[in-house]
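Where a number appears in this text, it was derived from the coordinates with a stated rule and is not lab data. This structure is a prediction, so every number in the text was calculated from the model and none was measured. When we count neighbours, we look across all protein chains shown, and the Cβ atoms used for this are built from the backbone with ideal geometry, even at glycine.
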Amino acid sequence: MKNVLIIGSTGQIGSELTMKLRGIYTKGNVVAGYIPGAEPKGELKESGPSTVVDITNAQQIADAVDKYQIDTIYNLAALLSAVAEAKPQLAWKIGVGGLFNVLEVAREKGCAVFTPSSIGSFGPETPKDKTPQDTVRNPRTMYGVTKVTGELLSDYYFRRFGVDTRSVRFPGLISYVTLPGGGTTDYAVDIYYSAAKGEKFVCPIAAGTFMDMMYMPDALRAAIEIMEADPAKFVHRNSFNIASMSFDPEIIYHKIQEYCPDFRMEYQVDPLRQGIAESWPNSLDDTCAREEWGWKPEYDLDAMTRDMLEKLRARFNR
Ligand code: SER
């Protein structure tokens with residue numbers, strides 16, 4: 001049995017992860033933590049407990065952990081990369097100050113903690129192709145700075161205090177359920193919405209810019225499997241490279257055209273997002289995750305494209 005608190009339960013990952021965890025830990029509490037203004041709605045609200053947890057408020061985290069006897073915290077609160085450049089102080093407050101609050105509560109109350117890291121933890125000096133697990137990080141974005149700090153802090157709390165911290169470096173995550181907000185990889189979600197609605201897509205990322213991407217079902221499995229894994233084989237903890245596909249805008253555009261021949265795309269490159277994308281790797285080497293806890297992706301670009309278009313066309317009646 002697990003009693004789980006999801007901080008950021010109404011966000012892009014949280015909204016789906018909460019529902020999936022509720023399907024698995026049916027005998028425990030899976031508590032949707034949210035901030036005022038981002039309340040759970042519909043199925044997410046009806047299917048289990050929810051409570052206000054602002055990650056910048058350590059007492060609120062501690063109260064929720066006590067009330068629901070939480071043993072595992074999924075810490076999904078963050079500002080994505082482009083919005084973090086607009087609000088760097090807030091990005092630090094949530095990404096690092098918030099994580100510190102979570103780790104302190106976890107230390108005092110004996111919780112395990114999952115905190116996502118990202119391809120954004122790498123920078124321009126990082127080897128671009130098949131980026132190794134252990135290599136230079138040196139990100140240039142505030143998003144990346146918070147992610148690297150989070151990796152270091154999480155490993156520190158494990159080594160120093162024995163807090164069971166675990167993490168993966170997520171690629172850009174693609175899903176038809178909840179939109180991401182303010183990320184550099186968001187174009188790879190938006191392009192499917194345009195295609196499914198029969199609209200032309202204006203791409204903010206230049207042709208030839210490769211980034212790692214992943215379909216949400218694989219990302220959710222990664223977040224659950226790493227927390228379920230026997231840590232005996234762990235050499236790493238914070239944070240594991242995981243990967244499933246890497247493409248540039250041309251590749252995803254042509255893949256979508258296989259299913260929507262009339263779909264059209266033009267470029268209007270956003271200098272902020274383009275600069276961030278160019279500082280990130282093209283593709284990560286996920287050998288350590290495969291060896292240390294059995295990570296294996298299920299979706300490639302073709303399988304993801306078929307599923308995304310089917311689900312979104314049904315939603316838009318097309
Ligand atoms: N999807 C994130 C972003 O684009 C990267 O992890 O900011």
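Counting other Cβ atoms within 10 Å of each Cβ, which GluC sites (Glu not before Pro) in segment 183-254 have at most 13 and sit in a DSSP loop? Qualifying residues, ordered by number: Glu199.
The residue among Leu17, Thr131, Val83 whose Cα reaches farthest toward the positive pole of the charge dipole of the chain, with charges on the beta-carbon of Lys, Arg, Asp and Glu, is Leu17.
Projected label points at Lys128 and Glu298, each 7 Å from Cα along the beta carbon direction, are separated by 3.4 nanometres.
Under 5 Å between amide hydrogens, built in the peptide plane, is the criterion, and for Val31 it picks out Val4, Leu5, Ile6 among residues at least 5 positions away or on other chains.
Can you compute the charge dipole magnitude of segment 1-95 about its Cα centre, using +1 on each Lys and Arg Cβ and -1 on each Asp and Glu Cβ, nothing else charged? Give it in debye, rounded to the nearest 20.
Values: 9 positive and 9 negative charges, 28 e Å.
Roughly 140 debye, rounded to the nearest 20.
Under the classification rounded if a/c is under 1.5, otherwise prolate if a/b is larger than b/c and oblate if not, where does segment 225-318 fall, given a ≥ b ≥ c as square roots of the Cα gyration tensor eigenvalues? Oblate.
Evaluated at q = 0.21, 0.23 Å⁻¹, a Debye calculation over the C-alpha positions of segment 20-119 (equal weights, vacuum) places log10 I(q)/I(0) at -1.18, -1.32. Computed from point charges on the beta carbon alone (+1 for Lys and Arg, -1 for Asp and Glu), the dipole magnitude for segment 113-222 about its Cα centre is near 140 Debye.
Within the listed set Pro139, Pro36, Pro180, the residue fluctuating most in the Gaussian network model of the chain (springs between alpha-carbon atoms under 10 angstrom) is Pro36.
Divided by 2.2 N^0.38 Å, where N counts the residues, the Cα radius of gyration of the chain comes to 0.96.
In terms of the Cα gyration tensor, with a ≥ b ≥ c the square roots of its eigenvalues, is segment 119-264 rounded because a/c is under 1.5, prolate because a/b exceeds b/c, or oblate? Verdict is prolate for segment 119-264.
Which value, in debye to the nearest 20, describes the size of the charge dipole of segment 165-218 about its Cα centre when Lys and Arg Cβ atoms bear +1, Asp and Glu Cβ atoms bear -1, and nothing else is charged? Provide the component values of the computation, followed by the final result.
Details: 4 positive and 5 negative charges, 15 e Å.
So the magnitude is around 80 debye.
Please go through segment 25-65 and write out the trypsin sites (Lys or Arg not before Pro) that DSSP classes as loop and that have at most 13 other C-beta atoms within 10 Å. Please report the intermediate quantities before stating the final value.
Numbers: sites: Lys27, Lys41, Lys45; in loops: Lys27, Lys41.
Counting only loop positions with at most 13 other Cβ atoms within 10 Å, the trypsin sites (Lys or Arg not before Pro) in segment 25-65 are Lys27, Lys41.
Can you give the Rg to Rh ratio for segment 116-166, taking only C-alpha atoms and Rh from Kirkwood?
On the way: Rg = 11.8 Å, Rh = 11.6 Å.
Rg/Rh: 1.02.
Within the straight-line cut-off of under 14 Å between alpha carbons, the aspartates and glutamates reachable from Lys130 are Asp212, Asp285, Asp286, sequence neighbours fewer than 8 places apart in one chain being disregarded. Comparing mean-square fluctuations of Val102, Val168, Val235 from a GNM of the chain with C-alpha springs under 10 Å, the top value falls on Val235.
Could you tell me which of Met308, Trp293, Phe247 has its Cα farthest along the dipole of segment 221-318 towards the positive end, charges placed at Cβ (Lys, Arg +1; Asp, Glu -1), taken about the Cα centre? The residue sitting most towards the positive pole is Met308. Taking every DSSP helix (H) stretch of at least 4 residues in the chain, weighting each as -39,500 (n - 2.57) and dividing the sum by the residue count yields a mean residue ellipticity at 222 nm of -12500 deg cm²/dmol.
Within a straight-line Cα-Cα reach of under 15 Å, Lys41 can be paired with the following aspartates and glutamates, leaving aside sequence neighbours fewer than 8 residues apart in one chain: Glu16.
If you run the Gaussian network model on the chain, springs between alpha carbon atoms under 10 Å, then out of Ser121, Ser50, Ser154 the most flexible one is Ser50. The stretch between Lys45 and Phe100, if pulled fully straight at 0.36 nm per residue, gains 17.0 nm over its current Cα-Cα span.
In order along segment 158-165, phi translates into HN-Hα couplings of 5, 5, 7, 10, x, 5, 7, 8 Hz, rounded to whole numbers, per the Karplus curve 6.51 cos²θ - 1.76 cosθ + 1.60 with θ = phi - 60° and x for Gly and Pro. What pairs from Lys197/Lys255; Lys20/Lys45; Lys20/Lys128; Lys87/Lys147; Lys2/Lys109; Lys233/Lys296 go past 23 Å between their alpha carbons? Beyond 23 Å: Lys20/Lys128. A DSSP coil position with no more than 16 other Cβ atoms inside 10 Å describes the following chymotrypsin sites (Phe, Trp or Tyr not before Pro) in segment 222-266: Phe234.
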